[in-house]
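The values are calculated or read from the model by the stated rules, or taken from the named source; none is laboratory data. Everything numeric in this text was worked out from a predicted model, so none of it was measured. Cβ placement follows ideal geometry from the backbone for every residue including glycine, while neighbour counts extend to all protein chains displayed. For accessibility, only protein heavy atoms count, side chains too; no ligands or nucleic acids. Shrake-Rupley method; radii C 1.70, N 1.55, O 1.52, S 1.80 Å.
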Amino acid sequence: MAKKKAAAKKKQTNRLRDLYGALEDQVRTQLEVRRLAHTNAEARGDAAEEVWLNLLASHLPSRYRVGKGIVVDSNGRESDYIDIIIYDRHFTPPVFSDLYVPAESVYAVIEAKQDLSRANILYAGKKAQSVRRLHRTNAPVKHAGGKIDNPQKPFRIPAGIVTYTSSWKTSPFGSPFEKALAALTASQQLDFGVAADHGYFEVAYAADGPAVEEFLKSRVLAAFLMRLLGRLQKLGSVPAIDYDVYSKILSA
């Protein structure tokens, strides 16, 4: 019987799933190695941060740049130091070798920590707030067919947190986690995050509190990358920086 129909036509390989599985193993190993290699908490954090930066830099489309630094606005105000900034470089170049990023160019900000905990959620929320409070100019946009004098309003900048594990071992995204999210103000809210050992999550906020959606633990990084790409795609383009406004600060 044709060798049982060639062993039931062989089990078909899902190449994309296998590739993401290999990526998952690689990143988990890198995070674990850095966790074990450094006894100093700050050095351990810096090393893990580089893993996340490299992951995003190698998987996001070229229209997006990934770096760390400080976000600035046309009034001369600055954000806190941000671990991971996803930004545009085509229309709004950074200042001084990527260290200072204009607020207009920011697509999303992410805090990198060793573990998901209440303290780190509140900390990441304050970092997000320091970026969201900055002023963003929004210049008219010229194109082949004319000019857009009233471009769309700048979008709310998404914020997230990426970690190796969760401090809530029995229920990583349970009630204590939701209570920590509920303690964030509107400008501090985190929209997504990763605990590589436990899963990827997204948060929707309503009047009765945050609603957490969890994704498969076995495909944490696949979910993180795919959902992040979808989120960035929906944002469209960043607002056009108004260089005339920025130039005024030089004469102040």
Quiz item: Pick from the range 152-167 the residues that are open to solvent by 10 Å² or more (accessible area, probe 1.4 Å) and in contact with a Gly (Cβ under 9 Å, 6 or more places away or on another chain): which of them is modelled with the highest pLDDT?
Solution: PHE155
Exercise. From (1) at pLDDT below 85; (2) open to solvent by 60 Å² or more (accessible area, probe 1.4 Å), pick out the condition that doesn't hold for ALA222.
Key: (2)
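Among the residues that make up the range 225-233, is at least one of them surrounded by fewer than 12 Cβ atoms within 10 Å (Cβ to Cβ) and either farther than 24 Å from PRO154 by Cβ or touching a strand residue (DSSP E or B) at 6+ places or on another chain (Cβ under 6 Å) (or both)? Break it down into steps so the answer makes sense when it comes.
We begin by selecting, within the range 225-233, every residue surrounded by fewer than 12 Cβ atoms within 10 Å (Cβ to Cβ); these are 230, 233.
Those left that are additionally either farther than 24 Å from PRO154 by Cβ or touching a strand residue (DSSP E or B) at 6+ places or on another chain (Cβ under 6 Å) (or both): none.
No: the range 225-233 contains no residue that is surrounded by fewer than 12 Cβ atoms within 10 Å (Cβ to Cβ) and either farther than 24 Å from PRO154 by Cβ or touching a strand residue (DSSP E or B) at 6+ places or on another chain (Cβ under 6 Å) (or both).
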Quiz item: Under the condition of being polar (S, T, N, Q) and assigned to a helix (DSSP H, G or I), which residue from the range 190-243 is nearest to ALA139 (Cα to Cα)?
Solution: GLN233
Exercise. Working only within the range 168-177, note down all residues that are open to solvent by less than 50 Å² (accessible area, probe 1.4 Å) and touching a residue at least 24 places away in the same chain (Cβ under 8 Å).
Key: TRP168, PRO172, PHE173, PHE177
Quiz item: In the range 70-90, which residues are under 19 Å from ILE249 (Cβ atoms) and surrounded by fewer than 20 Cβ atoms within 10 Å (Cβ to Cβ)?
Solution: ILE70, ASN75, GLY76, ARG77, GLU78
